[in-house]
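Okay, structure first, notes after.
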Amino acid sequence: MTPSTRATAGQETVAALRARLARLEREAAARERQLEAYAADLREVFKQERARAQELRRSYKATVLALANAVEARDAYTGRHAQRVAAYGLRIGHAAGVAVDAQVEFGFLLHDVGKVAVPDAILFKPGPLTGEEYALMSAHPTIGWEILRHVDFLDDAKTVVRHHHERWDGTGYPDGLAGEAIPLHARVFALADALDALTTDRPYRGAVSWAAARETIREAAGTQFDPAIVAAYDTIPDEAFARIREGIA
Ligand SMILES: [Fe+2]
């Protein structure tokens, strides 16, 4: 091979290498564009999924609220009781370091759904209940639990519905659970429920002040309520509850 043919061969090799490099670069750029397109598609799918999940959550909440309102529509005294106690429960749960997710909140809203089975004459009786009437009234947590039994998305909610009248000392109903055997969310809720019951008018008595309600609740720490939940509630000022109530009225 003469020097000139060697130089030509060298130039051809360089040209071939450059061409290969350019082709590789083009291929790499094409792959990158393709990956970006995939990523954009994935982002879009994810966005749509999130929107669908949000829509589903909104539908669930609207359904639960409709059911809770249907129960309350019978009772002029407890108007918006479910929404107030749900909000109080969220606030107390937060103070106690207890996570309250959507399912639990649904349980707060639906706690008295079993009252649909309690006749008006018993539900609105201003005087004391007879033994039989009391038995029917105190069946409402179990009836509520039965009503929601087969609704999968209300699993944690059912626990609150069933156990919201248990007492820390074990004298509550329907299962007479005591102390930490009572599901935590039901313990949080029991306090929220009592707070609203005390601070609103009832057929048999008028509302008491926030301060008087606090005294009553403190006195019931260790008997009706979990002392730790009462302590968490005690870190929340009365004004916070008053604001929540105004926001819902
Ligand atoms: Fe109840």
* To do: Could you pull out every one of the lysines with an alpha carbon less than 27 Å from that of Lys115, ignoring same-chain neighbours closer than 8 positions?
  => Lys61, Lys125, Lys158
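Report the net charge of residues surrounding Pro227, where surrounding means a beta-carbon distance below 12 angstrom and charges are Lys +1, Arg +1, Asp -1, Glu -1.
Residues close to Pro227 contribute a combined charge of -3.
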* **Mean projected area in nm² (Cα convex hull; one quarter of hull surface) for the chain** => 22.1 nm²
* Asked: Which shape class, rounded, prolate or oblate, goes with the stretch 167-219 when its Cα gyration tensor gives a ≥ b ≥ c as root eigenvalues, a/c under 1.5 marks rounded, and past that a/b bigger than b/c marks prolate?
  -> prolate
* To do: Enumerate the calculated ³J(HN,Hα) couplings along the stretch 221-233 in order (Karplus 6.51 cos²θ - 1.76 cosθ + 1.60, θ = phi - 60°), each rounded to whole Hz, writing x wherever the residue is Gly or Pro.
  => 5, x, 10, 7, 10, 5, x, 5, 6, 4, 4, 5, 4
* To do: Of the options Gly93, Leu65, Leu177, report the single residue whose Cα projects farthest towards the positive end of the charge dipole of the stretch 57-212 (beta-carbon charges: Lys, Arg +1; Asp, Glu -1).
  => Leu65
* Structure fact -> With Cα springs under 10 Å, the Gaussian network model of the chain assigns the largest mean-square fluctuation among Arg52, Arg162, Arg187 to Arg52
* **the chain: DSSP helices with Cα axial extent of at least 15 Å and average Kyte-Doolittle hydropathy no lower than 0.5** => 184-198
* Structure fact -> Sorted by chain and number, the residues with a modelled amide H under 5 Å from that of Phe225, at a separation of 5 or more or across chains, are Trp168
* Structure fact -> The summed charge of the Ala87 Cβ neighbourhood (under 13 Å; Lys/Arg +1, Asp/Glu -1) stands at +1
* Which loop chymotrypsin sites (Phe, Trp or Tyr not before Pro) in the stretch 10-86, with loop taken from DSSP, have no more than 16 other Cβ atoms within 10 angstrom of their Cβ? -> Tyr77
* Normalising by the residue count of the chain, find the relative contact order in percent from Cα pairs under 8 Å and 6+ residues apart. => 18 percent
* To do: Lys and Arg at +1, Asp and Glu at -1: add these up for the other residues within a Cβ distance under 14 Å of Trp145 and post the number.
  => -2
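Any read-out appearing in this document is the output of simple, stated calculations on the displayed coordinates, not a laboratory observation. Just so you know, these numbers come straight off a predicted model, no measurement behind them. So basically every Cβ, Gly included, is an ideal-geometry build from the backbone, and we count neighbours across all protein chains shown.
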